Amino acid sequence: MGIEGIGARALRKEDKRFITGKGHYTDDHKVAGMHHAAFVRSPHAHAKINGIDKSAAEDMSGVVAVLDGKQLTGDGIGNIICGWMVHSKDGSPMNMGAWSALATEYVRYVGDAAAVVIAESYEEAKAAAEAVVVDYEVLDAVVDAVEALKEGAPQLHPEAAGNLIYDWEIGDEAATDAAFDGAANVVEIDITNNRLVPNPMEPRSAVAEYDDAEDHFTLHTTSQNPHVARLVLSAFYQVAPENKLRVIAPDVGGGFGAKIYIYPEEIVCLWAAKRAGVAAIKWTADRSEAFMTDAHGRDHVTKAKMAFDADNKITGFKVETIANLGAYMSLFSSSVPTYLYATLLSGQYNIPNIHCNVKTVYTNTVPVDAYRGAGRPEATYLVERLMTTAARQLDVDPAELRRTNFVQEFPHQTPVIMAYDAGDFDATLDAAMEAADYKGFAARKAESENNGKLRGIGMSCYIEACGIAPSAAVGSLGAGVGLWESAEVRVNPVGTIEILTGSHSHGQGHETTFAQVVSDRFGLPAENVQIVHGDTDKVQFGMGTYGSRSGAVGISAIVKALDKVEAKAKKIAAHLLEASEGDIEIKDGEVLVKGTDKKLGWHEVCLGAYTAHNLPEGMEPGLKEGAFYDPTNFTFPAGCYICEVEVDPDTGVSTIQQFVAADDFGKIINPMIVEGQVHGGLAQGIGQALMEHAVYDDAGQLLSASYMDYQMPRADDLPDFVVSHHETLCPGNPLGIKGCGEAGAIGSPPAVINAITDAIGHNNLAMPASPHNVWKAIHSA
Amino acid sequence: MAKVEMTINGRSVSGVVEDRMLLVDFLREERNLTGTHIGCDTSQCGSCVVHVDGKAVKSCTMLAAQAAGSEITTIEGLASDGELHPMQAAFRDNHGLQCGFCTPGMIMTAVDIVNREGADVDEQTIREQLEGNICRCTGYHNIVKSIAAGAKEMGSGMKEAAE
Ligand code: FES
Ligand code: FES
């Protein structure tokens, strides 16, 4: 391996273990004396627990304990919290209902856990869980957010009258209404953002170990943010103080948001290990449990309208959204339909007046929280469907309508908090149109027509916000934590380097890209750099990986720590080489005095730092520096996606003919990895657009609770993607990184739906555009 | 309970298993071959694919007892003498994996596709034959490229061996 710095398509350092079957995921972890947990889950969407008869289960072979919610709360384990306070427009705080890791009096969704069985083997635990008899008094359920707000709807929580969690607003309502009064044209849309199940391929899992001699816990878990897990488990759930709890997130098989949150199962396994007096307890979700308990995504219903003047410039945008948060408020659930959604409603456009009202609602469904994109896909879907609908209504080309309204000058303050710092929206639109041969579309459409097919083309010009986030800013908006990142650079005496990062990789390739940043800085081979992450005993603290923050925030922390290491190394070298510090340069693994032939090997300087035989007066030995990086602004990845589809009018099947992505992610460390992130995001976005849908029946049964019923995109559902990058640097962080992890999932659904509505000739199409929905849309026209 | 003997990755092994034990659990729990993963409970995801007597099989759909007397190859047994199998190398070289969870099953399926379809298998065929394997990370783009490249490599290996 040579020197592969910033910009190199370096192959991944982590791959060897994965392609040889040597990855180490949580469920692979085994310890002596390990027991197994199986949860007793409610088959009802809403019920009162009148009693639990554990006797039969307790007598079964291998069973060591059957525990319930009253025992859990009796032991002082705290309720699960939502960590972001949102206030209603009348100033009142959100109405958060109590959520105990094991239900005490009521169950509120199918899958809500009422008890847990701890047994010697997995099979024994499962069998005994079946034998626990819960006396449920079944209550009426409501699964639809709009229905849940209606008078007379079943009520979920005494704390939330009318099932309303908050009634929030952003923007200037009076000014926005005035813009509509003076509008030349008004375009309206009613839109539903379909509910999704994240489905990382590795199911959630936890192994809780308890050492009674030390009164110390170790938790291996499928987490995107092990330090946040430890903090919350300690400070809010009182499982154990932080110094007595080590959380390890080893190899994690995908996250997509679903593994940010601290779920009931981890809490219960930790608590139960101590209470039942066993050395360790393992729980691993089967896929059905994953469908029933992983936080779902999206599920918005929106009415919106946009005002245009006679020159087709947008003058106002008014939005009313109802968001389903499920049966309980998950960790970041309150922020998703507010600060991660409504703040992006300006899209890539100059919109002088925006007003958005959001009501969030309890229903008898799985909690809903951030899923790849989190709020920004919902905003983009709304804005970009509306732009294409407007172009049709105003009879202008959709590209031209967008161009007419693009933000051209930066920084640009939107009316909804965000201040865009850099971008070039024309560049990505041009690039995508060129790559898609937009001009040649008419000829391709004619050819499809000859074959009895409908062809359509659709675009989406998205912007999103990453680099989450400036701590003081999010604090003022209600966040319960700061969203900085930490890093530590440990240089060994032989010159090799360990980078300890609070970011967590669950597929993103940090072991490679982070090493590239170090290689680039000192000219060292990547194999001399080791990335350490995912263990609270090794890394002091970190906020983890979500919101495409590992580049913009995590790498920035590493850069800051590298700056300190470089400064100290230069001081030492200047002293050893009897040169002035300003003349020292570190390059290609050597430390040189500029303009002379005097130099030292990098390893010689490092060794010098540790032997400490000859250091500058007063300098401490060693070469190790840490940094906390707190961003100054969000970052704003943006781009343009174009999708071309062919629809079979007889069957309603839509086939993607081409999909083009032109993105601006700022500085790119490894284009190969970034392209992979785009591909994966596009697949999830196209999945949402064409097939994925979490469906409940009226009684609250999840009908799409397996891969037989919830359609995951497979290889032959998707095309080859055409991906390109167009860089404008983010001025807010040292390398100019914007972030790339979610863009594909954010920008693609409206491109697909705009293409299909173009093909069928009208706007009235529900997502997902399944063959059935498309066929209905064609025949309803 | 049944006594089973089989060859796993070239070694003969034996064990006493419950009648209901799945092959995947035998591999993961009894043999500690944790490279074979479990991603679903309806035999749809392909995370668990291994080779049984040279053919790709979802090890979650087969009982350990049914595999008695068979030759099993898991992802751990694919490389030989410290040399990656060409399909493993192709996944690395073409960035055909991200989180790595689907990867063992993908690679085992890929080898089987090439065994059946030959070294010149085209991308459309690859996409169709990945019907039984789900990846949530890669969007399949680079998996398809990896398999096409791995197929070519396997083909030239076969040719060399024949010469
Ligand atoms: S675990 Fe075997 S197919 Fe999913
Ligand atoms: S690489 Fe993560 S599921 Fe395929």
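The values are calculated or read from the model by the stated rules, or taken from the named source; none is laboratory data. Since we're looking at a predicted model, the values are computed, not measured. We place every Cβ from the backbone using ideal geometry, glycine too, and count neighbours over all the protein chains shown. Ligands, DNA and RNA are stripped out before the accessible areas are found, and what is left, the full protein with its side chains, is counted by its heavy atoms. Shrake-Rupley method; radii C 1.70, N 1.55, O 1.52, S 1.80 Å.
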From the C-alpha gyration tensor of segment A:1-146, pull out the three semi-axes of the equivalent ellipsoid (sqrt of 5λ each), sorted largest to smallest, in whole Å. 38, 29, 14
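Which value, in debye to the nearest 20, describes the size of the charge dipole of segment B:2-77 about its Cα centre when Lys and Arg Cβ atoms bear +1, Asp and Glu Cβ atoms bear -1, and nothing else is charged? Before the final figure, lay out each step's value.
Details: 7 positive and 10 negative charges, 25 e Å.
So the magnitude is around 120 debye.
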Taking only protein heavy atoms and a 1.4 Å probe, the highest-to-lowest accessible-area order of A:267, A:52 is A:52, A:267
Taking the Cα centre as origin and putting +1 on Lys and Arg beta-carbons and -1 on Asp and Glu beta-carbons, what dipole magnitude results for segment B:86-162, to the nearest 20 debye? 240 debye
Which value does Rg/Rh take for segment A:486-573 over its C-alpha atoms, Rh per Kirkwood? 0.95
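Give the ranking of A:712, B:1, A:619 by solvent-accessible surface, highest area first, calculated with a 1.4 Å probe.
Descending accessible area places them as B:1, A:619, A:712.
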Report Rg (one decimal) and Dmax (nearest whole number) for segment A:443-509, counting Cα atoms only, units Å. 24.6, 72
Run the simple label-point estimate for residue A:588 and residue B:1 please: 7 Å along Cα→C-beta, distance reported in nm. 6.9 nm
How big is the C-alpha Rg of segment A:565-661 next to the rule-of-thumb value 2.2 N^0.38 Å, as a ratio? 2.16
Rounded to the nearest 10 degrees, what's the angle between the helix B:103-117 long axis and the longest principal axis of chain B, both from Cα atoms, 0 to 90? 70 degrees
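Could you give the Stokes-Einstein D for the protein assembly as shown in µm² per second, using the C-alpha Kirkwood radius, 25 °C, 0.890 mPa s? The partial results should precede the final answer.
On the way: Rh = 29.0 Å.
Answer from the Stokes-Einstein relation: 85 µm²/s.
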What nm value, rounded to one decimal, do you get for the distance between residue A:75 and residue B:131 when each label is placed 7 Å out toward the C-beta? 4.9 nm
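So what is the orientation-averaged projected area of segment A:623-781, using the convex hull of its C-alpha atoms, in nm²? Don't skip to the answer; put the middle values down first.
Details: hull surface 54.2 nm².
Computed as one quarter of the Cα hull surface, the answer is 13.6 nm².
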Amide H within-cut-off set for residue A:622, under 5 Å, with H built and near neighbours excluded: A:610
Count neighbours as other Cβ atoms within 10 Å of each site's Cβ, and list the trypsin sites (Lys or Arg not before Pro) in segment A:33-108 that are DSSP loop with at most 14 such neighbours. A:89
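Based solely on its DSSP helices, what 222 nm [θ] is calculated for chain A when runs of n ≥ 4 H residues each add -39,500 (n - 2.57) and the sum is averaged over all residues, nearest 500 deg cm²/dmol?
Values: 20 runs with 214 residues, N = 781.
Calculated from helices alone, the mean residue ellipticity at 222 nm is -8000 deg cm²/dmol.
Just from its helices, what would the mean residue ellipticity at 222 nm be for chain B, if runs of 4 or more DSSP H residues each count -39500 (n - 2.57) and the sum is divided by every residue, rounded to the nearest 500 deg cm²/dmol?
On the way: 4 runs with 52 residues, N = 163.
Mean residue ellipticity at 222 nm (helix-derived): -10000 deg cm²/dmol.
Considering only protein heavy atoms, with the full assembly of protein chains and a 1.4 angstrom probe, order A:675, B:18 by accessible area, largest first. Before the final figure, lay out each step's value.
Numbers: A:675 40, B:18 80 Å².
My answer, sorted largest first, is B:18, A:675.
Can you pull a Stokes-Einstein diffusion coefficient for segment B:2-77 at 37 °C (0.692 mPa s), Rh from Kirkwood over Cα pairs, as a whole number of µm²/s?
275 µm²/s
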Taking every C-alpha to C-alpha distance in segment A:606-695 and binning by 10 Å from 0, the per-bin percentages run 11, 24, 19, 15, 12, 9, 6, 2, 0
Among the aspartates and glutamates, select those whose C-alpha is under 12 Å from the C-alpha of residue A:445, and discard any that sit fewer than 8 residues away in the same chain. A:644, A:646, A:758
Neighbour-limited loop hits for GluC sites (Glu not before Pro), segment A:491-579 (at most 15 other Cβ within 10 Å; DSSP other than H, G, I, E, B): A:578
Once amide H atoms are placed 1.01 Å from N in the peptide plane, what residues at a sequence separation of 5 or more from residue A:696, or on another chain, have their amide H within under 5 Å of its amide H? A:703
Once the piece of chain linking residue A:604 and residue A:48 is laid out straight, how much longer is it, given 0.36 nm per residue of separation minus the C-alpha distance between them? 193.1 nm
I'd like the Karplus ³J(HN,Hα) series for segment A:20-31: coefficients 6.51, -1.76, 1.60, θ = phi - 60°, whole numbers in Hz, and an x wherever there's a Gly or Pro. 9, x, 9, x, 10, 9, 4, 5, 6, 7, 10, 9
Rounded to two decimals, what is the ratio between the C-alpha radius of gyration of chain B and 2.2 N^0.38 Å? 1.03
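Need the full-extension length gain, residue A:711 to residue A:146, defined as separation in residues times 0.36 nm minus the C-alpha distance. One decimal, nm.
Working: separation 565, 0.36 × 565 = 203.40 nm, distance 2.52 nm.
Difference between extended and current length: 200.9 nm.
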Percent of Cα pairs exceeding the 24 Å cut-off, where the set is segment A:177-320: 50 percent
By how many nm would the segment from residue A:446 to residue A:766 grow when fully extended, if each residue of separation counts as 0.36 nm and the alpha-carbon distance is taken off? 112.6 nm
Over every pair of different alpha-carbon atoms in segment B:86-162, take the mean of 1/r and invert it; report that Kirkwood radius in Å. 12.1 Å
As I understand it, the value is the acute angle between the Cα axis of helix B:141-162 and the longest principal axis of the Cα atoms of chain B; what does it come to in degrees, rounded to 10? 90 degrees
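So which GluC sites (Glu not before Pro) in segment A:362-413 end up in coil per DSSP with only 10 or fewer other C-beta atoms within 10 Å?
Numbers: sites: A:378, A:384, A:400, A:409; in loops: A:409.
Those satisfying the criteria are A:409.
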Return the tail of the calculated pair distribution for segment A:365-475, meaning the percent of Cα-Cα pairs more than 23 Å apart. 45 percent
For segment B:124-148 the residues that are at least 50 Å² less accessible with all protein chains than alone, 1.4 Å probe, are B:127, B:131, B:134, B:136, B:139, B:140, B:141
Interchain or long-range residues, amide H under 5 Å from residue A:112's placed H: A:42
Quick calc: nm separation of the 7 Å Cα→Cβ label points for residue A:186 and residue A:61 -> 7.3 nm
Take the solvent-accessible surface of the protein heavy atoms, probe 1.4 Å, and return the percent of it on the protein assembly as shown that carbon and sulfur atoms account for. 48 percent
Computed ³J(HN,Hα) along segment B:48-56: with the Karplus parameters 6.51/-1.76/1.60, θ = phi - 60°, integer Hz and x for glycine or proline, the list is 9, 5, 10, 9, 10, 6, x, 10, 5
Could you pull out the pairs from A:587/A:738; A:89/A:667; A:282/A:624; A:22/A:560; A:30/A:259 whose alpha carbons sit more than 31 Å apart here? A:89/A:667; A:282/A:624; A:22/A:560
For residue B:57, tell me the accessible area in Å² from a 1.4 Å probe, rounded to the nearest 10. 40 Å²
Cα centroid separation - segment B:26-100 against segment A:251-267, whole Å: 25 Å
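Based on the Cα atoms of segment A:66-135, what semi-axes does the equivalent ellipsoid have, where each is the square root of 5 times one gyration tensor eigenvalue, given in whole Å with the largest first? Let's see the in-between values first.
Details: eigenvalues 209, 30, 23 Å².
Rounded to whole Å, the semi-axes are 32, 12, 11.
Mind checking which helices in chain A clear 24 Å along their axis (Cα) and have mean Kyte-Doolittle hydropathy of 1.0 or more, DSSP H runs only?
Numbers: long enough: A:376-394 (26 Å, -0.32); A:556-577 (31 Å, 0.41); A:671-690 (28 Å, 0.48); A:743-760 (27 Å, 1.04).
What comes out of the filter, once short or polar helices are dropped, is A:743-760.
Treating only the Cβ atoms of Lys and Arg (+1) and Asp and Glu (-1) as charged, compute the dipole magnitude of chain A about its Cα centre; round to the nearest 20 debye.
Working: 60 positive and 104 negative charges, 156 e Å.
Once rounded to the nearest 20, the dipole reads 740 debye.
Give me the one-decimal Kirkwood hydrodynamic radius in Å for segment A:298-386, with the sum taken over alpha-carbon pairs. Kindly include the intermediate steps, with their values, before the conclusion.
Working: mean 1/r = 0.0741 Å⁻¹.
Averaging 1/r across every pair of different Cα atoms and inverting gives 13.5 Å.
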